[in-house]
There are 2 protein chains.
Amino acid sequence: MLNNPSKWQAYLHGQQQQAIEELLEFIRIPSVSAQADSLPEVRRAAVWVADRLRVAGVDSVEVLETDAHPVVYGSWMNAGADKPTVLIYGHFDVQPAEPLELWTTPPFEPELRDGRIYGRGATDDKGNMLAPILAVEAMLRTEGRLPVNVKFLFEGQEEIGSPDMPKFVQQHADRFACDMIFSADGLQWAPDQPQLVEALKGIVAFEIILRGPVSDQHSGLHGGGIANPAMGLAQLLASMKSAEGLVTVEGFYERVIPLSEDDRTEIARIPYDESGYLAETGARDTAGEPGYSTRERLWARPTIDVNGLTSGWQGDGGKTVLPAEAKAKLTCRLVAAQEPGEILDKIRRHVETHCPVGLVAEVKRTSSWGEPFLVPKGHESTEIAAEVLEEIYGKAPYRTRLGGSISVMTTLKQATGVHATMFGFAHADENLHAPDEFFRLEAFERSKLAYGLLLERVAIRQSR
Amino acid sequence: MLNNPSKWQAYLHGQQQQAIEELLEFIRIPSVSAQADSLPEVRRAAVWVADRLRVAGVDSVEVLETDAHPVVYGSWMNAGADKPTVLIYGHFDVQPAEPLELWTTPPFEPELRDGRIYGRGATDDKGNMLAPILAVEAMLRTEGRLPVNVKFLFEGQEEIGSPDMPKFVQQHADRFACDMIFSADGLQWAPDQPQLVEALKGIVAFEIILRGPVSDQHSGLHGGGIANPAMGLAQLLASMKSAEGLVTVEGFYERVIPLSEDDRTEIARIPYDESGYLAETGARDTAGEPGYSTRERLWARPTIDVNGLTSGWQGDGGKTVLPAEAKAKLTCRLVAAQEPGEILDKIRRHVETHCPVGLVAEVKRTSSWGEPFLVPKGHESTEIAAEVLEEIYGKAPYRTRLGGSISVMTTLKQATGVHATMFGFAHADENLHAPDEFFRLEAFERSKLAYGLLLERVAIRQSR
């Protein structure tokens, strides 16, 4: 808590015990979106969130249907038409809790230990998404109003990749009109070091299938006579990347926004420990595109990765077949301003022109698909978030990027034209998606305070 | 039957109906060496063969044990020490008969239809191996003696790759001392065209395993930071073969005996129908080492084939992993005078020097292992076989090679120093290893006659 707390800050402080009780209650709902038998629990979580928004004083709350799990929408638009509108995003579904035997206490019977709340969803994302609701409640209870208009969008399918959200957000695009978006599903660097994630990679996933003979053939009777799809696949995949690590698909890097000297300086400023990184992955060495540091490659350079290979005999020992077909599953992770559709076209052209003699190639899209996400320099919501983080942590946030892809960020961008700012207070060590997930009480307090300050800053900035 | 049949030929002719009854009885024993519940049946077949040899007048017959299925050994050594000794090889085990529903009549209830005997093992190898026994019997019954000394070696594990035979043959090498070897497990080109198979490929099978991170990693969080074993495997495999089809492993072709102009002329003389070959395999096109015809590559050039690929996610759709490891199973088919051990060493060196940065490679031998087999030009037993085939078919045999590997041919060569001649009368269209296997009665008659003539010719040649 800051010095000279305002009324809403004092209210939040006084309500901390009550807030913890509510978070425990929220976590007790096993809203596992991936498991069919949890469908009613995800819906119960939606209803719980909707009720909580109403109690907080949000005056227009709805549970909206998608083709799968419901969405909770709420708005408080009484700040006035001259005030900006802030959209806050989060999700109330959680990852499966299995393997249950690795939990110290049952995942849906949350427990307070050592200043932490243990339970599935504690940090991802129930603690984090409850914080802005509680901040808004504190302001409405103490001031009777919010400094800006606020909309809430909470989904119940983030943990299964938000398959229905693009369609849903498009259908309801008018509801989501706003000036700024903050996502309560996000991380800070460390308990004593804030961060702002300014870029995420896009993704395009596909499968390459090479077909040769009509069925597996005897490798003695036909080896050397006809092309081998497994060797052909190896040759084709190898043709897509140089030994040095450059992607050699024609035009792959065409649209990539190069890293500026400032970008590189910013990345180099952030502590990096190579041996720690190797220990984390268990890899023998780092490797990749020449001319870039490991972190630059991880955060800011596009990649192509083989996710799986399948062909011929895979059991024990050997079987002397010349396989009928060979398959590779791949994903490209994209950086701004690459476009997944264009990249897939380039891949298709590469596969066509490099398909070995005697084989027939097919390229099939698989599930993952997303545009890269890059917040423009000086983007207003990001700068406001930076101010708030600096005030709370006492130091400027790291400006980082992520190699992963979060589809809702680009979905919201496409529907509203607004770049979202990740403004969550989880930490990477809190066992997200793993047993003994927890949320620090300290982070919970900080997150509530941060959302209140954020709304105030937005109002001040906009009125300047 | 030839004009002016000798006594043994007349005897064989008179016994043809009896011989068919005996072959039917032999086929009724379901001696499937690959199936555990058929173990007693394989032994029953061994006893049947031993009894049949004794009835034929072979005077020293034994059922010998290996670590798996038994071997039947017999000899008739009364021709005199000045006469040559001929070893005749065959096998009494059969392939599994499944899928049973594709048989017109049950596989172990053989039936005569349209001049053919249908049943599992009819042609591979029961009909073919019974022929020399019946020929010897006819000679002993009519002449009271054989023109040469004869040894029989019949095994019960050929269809499972003869795993115990190298050890067995080494242990009993003294029994197998001989001047010539003929294998009754072999093919003729067509019912009206004989062939002599003069070369078989050797084989060395191995697995390459590339390891990267300690477990599958998130392809977004670590792609571009550490090496991907699946892509690394593709690059490594591609480095082993040029796009044109040349094996690029250093020294791979070092010991290969080049095809002479005569060899090439002989191969080119044999009818080849490219569209028929493509229809047989269902391949789109032929492909392989430049500078050689398809048949030269199939018969007389060494190959490397990927038999299987395994890595990462292989299920439906996509999974965004950077796999912990990737595996490829491979076989090289070798031609004379390549050596499997030396080739495996060269592969290991290639893998060591081409292993991508950040990955660790392992090369593991798998099951198949065999020396290439090449009969020297003018080899006596082959030339005698050629004379007999020309006499019976009325035309000279094609001199062919096979891309496959038959380990017993090199096992016998190593134990005795003698190159075996394949002298079998199966035809490729007789559904070997498939449903509705059959043996032509015409081929059965021809094979008995051929073995009798063969023994006579050996005696004549040797006495010149």
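The values are calculated or read from the model by the stated rules, or taken from the named source; none is laboratory data. Computed from a predicted model, the values in this text were never measured in an experiment. Cβ placement follows ideal geometry from the backbone for every residue including glycine, while neighbour counts extend to all protein chains displayed. Ligands, DNA and RNA are stripped out before the accessible areas are found, and what is left, the full protein with its side chains, is counted by its heavy atoms. Shrake-Rupley method; radii C 1.70, N 1.55, O 1.52, S 1.80 Å.
Assorted remarks:
- Within region A:309-324, the set of residues being in contact with a Phe, Trp or Tyr (Cβ under 7 Å, 6 or more places away or on another chain) and either among the acidic types (Asp, Glu) or open to solvent by 30 Å² or more (accessible area, probe 1.4 Å) (or both) comprises just one member, A:LYS319.
- The residue of region B:165-185 that is nearest to B:VAL94 (Cα to Cα), among those that are assigned to a loop (DSSP other than H, G, I, E, B) and open to solvent by 30 Å² or more (accessible area, probe 1.4 Å), is B:HIS172.
- In this structure, B:LEU455 qualifies as over 27 Å from B:SER33 (Cα atoms), buried (at least 23 other Cβ atoms within 10 Å of the Cβ) and out of contact with any Ser or Thr (no Cβ under 9 Å at 6 or more places or on another chain).
- Options B:LEU53, B:LEU64; residue that is touching a residue at least 40 places away in the same chain (Cβ under 8 Å), within 25 Å of the chain's Cα centre (by Cα) and farther than 22 Å from B:ALA122 by Cβ: B:LEU64
- Yes/no for A:ALA230 being modelled with pLDDT of 95 or more and under 30 Å from A:ARG297 (Cβ atoms): yes
- Only one entry of B:VAL375, B:VAL418, B:VAL360, B:VAL351 meets the criterion of being touching a residue at least 24 places away in the same chain (Cβ under 8 Å) and within 12 Å of another protein chain (Cβ to nearest Cβ), and that entry is B:VAL360.
- All positions within region A:159-180 that are of a type in the set (S, T, N, Q) and over 21 Å from the mean Cα position of the chain (by Cα): A:GLN171
- Filtered residue count, region A:295-308, keeping only those that are within 7 Å of chain B (Cβ to nearest Cβ) and either open to solvent by 10 Å² or more (accessible area, probe 1.4 Å) or under 18 Å from the mean Cα position of the chain (by Cα) (or both): 4
- Test result for B:VAL321, within 29 Å of B:ARG401 (Cβ to Cβ) and assigned by TED's automatic domain parsing to the domain that holds B:ALA361: no
- Checking each residue in region A:325-338 for being more than 8 Å from chain B (Cβ to nearest Cβ), small (Gly, Ala, Ser) and open to solvent by less than 40 Å² (accessible area, probe 1.4 Å) picks out only A:ALA336.
- Flag if A:THR320 is within 17 Å of B:GLN217 (Cα to Cα), within 9 Å of another protein chain (Cβ to nearest Cβ) and in contact with a helix residue (DSSP H, G or I) (Cβ under 9 Å, 6 or more places away or on another chain): no
- Members of region A:7-33 that are polar (S, T, N, Q) and in contact (Cβ under 8 Å) with a residue 60 or more places away in the chain: A:GLN9, A:GLN15, A:GLN16, A:SER31, A:SER33
- When residues of region A:235-276 are limited to those that are among the small types (Gly, Ala, Ser) and without any contact (Cβ under 8 Å) to a residue 40 or more places away in the chain, the one nearest to the other protein chains (Cβ to nearest Cβ): A:ALA238
- Positions within region A:229-282 being over 23 Å from A:LEU200 (Cα atoms) and surrounded by fewer than 21 Cβ atoms within 10 Å (Cβ to Cβ), in sequence order: A:SER239, A:SER242, A:ALA243, A:GLU244, A:GLU250, A:SER275, A:ALA279, A:GLY282
- Members of region B:101-112 that are in contact (Cβ under 8 Å) with a residue 60 or more places away in the chain and either over 10 Å from B:ILE27 (Cα atoms) or among the aromatic types (Phe, Trp, Tyr) (or both): B:LEU102, B:TRP103, B:THR104, B:PHE108, B:LEU112
- Only one of the listed residues (A:SER162, A:SER183) is away from every other protein chain (no Cβ under 14 Å), under 14 Å from A:THR66 (Cβ atoms) and among the small types (Gly, Ala, Ser). That residue is A:SER162.
- Test: residue in region B:287-306 that is among the hydrophobic types (A, V, I, L, M, F, W, C), assigned to a strand (DSSP E or B) and within 19 Å of A:LEU322 (Cα to Cα): yes
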